[in-house]
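Here is the structure we will look at.
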Amino acid sequence: MVLHQTEPNYVKLHSSGELKKRAETAIARLAECTLCPRQCGADRSHDEPRGSFCGIGRYAWVSSAFPHHGEEPCLRGWNGSGTIFFSGCNLRCVFCQNNDISWYRTGSPCDAQRLARLMIRLQELGCHNINFVTPSHVVAQILEALPIAVEEGLRIPLVYNSGGYDSVETLHLLDGVIDIYMPDIKFTDPAVAERFAHAPDYWEVCQAAIREMHRQVGDLILDERGLAVRGLLVRHLVMPNGLAGTEKAMRFLAEEISPHTYVNIMAQYRPEGRAWDFPEIARRCTPQEYQEAVAIARRLGIYRLCRD
């Protein structure tokens with residue numbers, strides 16, 4: 001479907017005061033944090049978090065913010081996707097390519113004013129969207145910054161670029177705020193998820209999250225220029241030895257979400273971080289493994305596959 005771009009819905013939520021109310025709700029939950037599926041109950045209301053899994057306290061930490069030209073074509077367009085990379089994560093993927101960011105608190109803390117200013121700056125640079133990378137643990141901070149950014153003129157789509165380990169209750173706070181959801185489907189086997197991400201409930205959580213994301217935004221919609229405006233885009237990284245569970249993942253999308261789901265089956269797995277300690281993932285994927293994953297998706301009815 002092609003759609004002429006209109007003003008994002010989050011602007012209307014701000015005008016009604018709803019955006020501020022949701023921010024206040026989310027910020028209040030930091031005191032005994034239940035914002036992500038870890039449900040750790042840590043006190044994140046201070047600069048130094050007390051026992052939080054993600055390691056992030058009252059303020060989000062931003063590692064970098066820039067126009068990204070390596071995202072999917074419908075996101076990067078010609079001016080880039082305005083990525084904001086958050087430090088910390090609610091997963092512990094041993095093979096993470098951004099291990100220095102996700103496992104540790106790197107970069108610098110951003111209060112609401114500074115985070116809003118980053119969004120505005122990326123819009124001024126001509127970026128087609130604001131792409132929140134690894135946002136699951138900083139939803140409260142994003143919501144707090146958005147009213148300021150809207151007041152300063154933010155009007156481009158918002159992308160929620162997550163590992164797929166998201167709380168449905170927290171996603172409810174983002175209903176009408178996020179334009180484009182871009183979750184991963186990393187694993188479908190609980191034992192694999194526990195071994196490589198310390199999250200045995202990953203697949204159960206991920207399915208519920210994707211159902212809620214799709215309920216909110218539907219299938220991916222492009223404008224007349226081929227840019228994503230609204231909808232769901234799923235990433236699936238092919239791993240060695242079939243460990244990502246591609247068939248179960250694609251069947252879920254085709255049968256329980258929508259056969260029109262836009263999917264990026266990614267071939268760029270390489271051993272990073274601590275992957276060398278795990279023999280079954282201590283190598284790149286073969287071309288055959290990737291082609292088999294694509295063939296599975298097509299056989300199950302997933303036809304909107306990302307192509308550079």
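Condition check for GLY164 on (1) farther than 19 Å from ALA23 by Cβ; (2) assigned to a helix (DSSP H, G or I): one failure, at (2).
Looking at region 1-107, the helices (runs of 4 or more DSSP H) lying wholly inside it that each contain 2 or more residues that are under 30 Å from VAL192 (Cα atoms) sit at 99-102.
A quick yes/no check of all residues on (1) closer than 30 Å to ARG270 by Cβ; (2) among the hydroxyl-bearing types (Ser, Thr, Tyr); (3) buried (at least 24 other Cβ atoms within 10 Å of the Cβ); (4) free of Cβ contacts under 8 Å to residues at least 40 places away in the same chain:
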{"position": "VAL94", "(1), (2), (3), (4)": "yes, no, no, no"}
{"position": "PRO109", "(1), (2), (3), (4)": "no, no, no, no"}
{"position": "ARG121", "(1), (2), (3), (4)": "no, no, no, no"}
{"position": "VAL138", "(1), (2), (3), (4)": "yes, no, yes, no"}
{"position": "GLN141", "(1), (2), (3), (4)": "no, no, yes, no"}
{"position": "VAL150", "(1), (2), (3), (4)": "no, no, no, no"}
{"position": "GLY164", "(1), (2), (3), (4)": "yes, no, yes, no"}
{"position": "GLU169", "(1), (2), (3), (4)": "no, no, no, no"}
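When the residues of region 237-267 are filtered to those that are part of a loop (DSSP other than H, G, I, E, B) and under 18 Å from the mean Cα position of the chain (by Cα), the one that is surrounded by the fewest Cβ atoms within 10 Å (Cβ to Cβ) is VAL238. Return yes or no: is ASN129 buried (at least 18 other Cβ atoms within 10 Å of the Cβ), of a type outside the set (A, V, I, L, M) and touching a helix residue (DSSP H, G or I) at 6+ places or on another chain (Cβ under 7 Å)? So ASN129 fits the description; yes. Only one of the listed residues (ALA228, ALA208, ALA249) is farther than 27 Å from ASP100 by Cβ, in contact with a Cys (Cβ under 6 Å, 6 or more places away or on another chain) and among the small types (Gly, Ala, Ser). That residue is ALA228.
Taken together, the values in this text are just the output of simple stated rules run on the coordinates, not laboratory data. Because the structure is a prediction, the values reported are computed rather than measured. For neighbour counting, all protein chains shown are included, and Cβ atoms are generated from backbone atoms with ideal geometry for every residue, glycine included.
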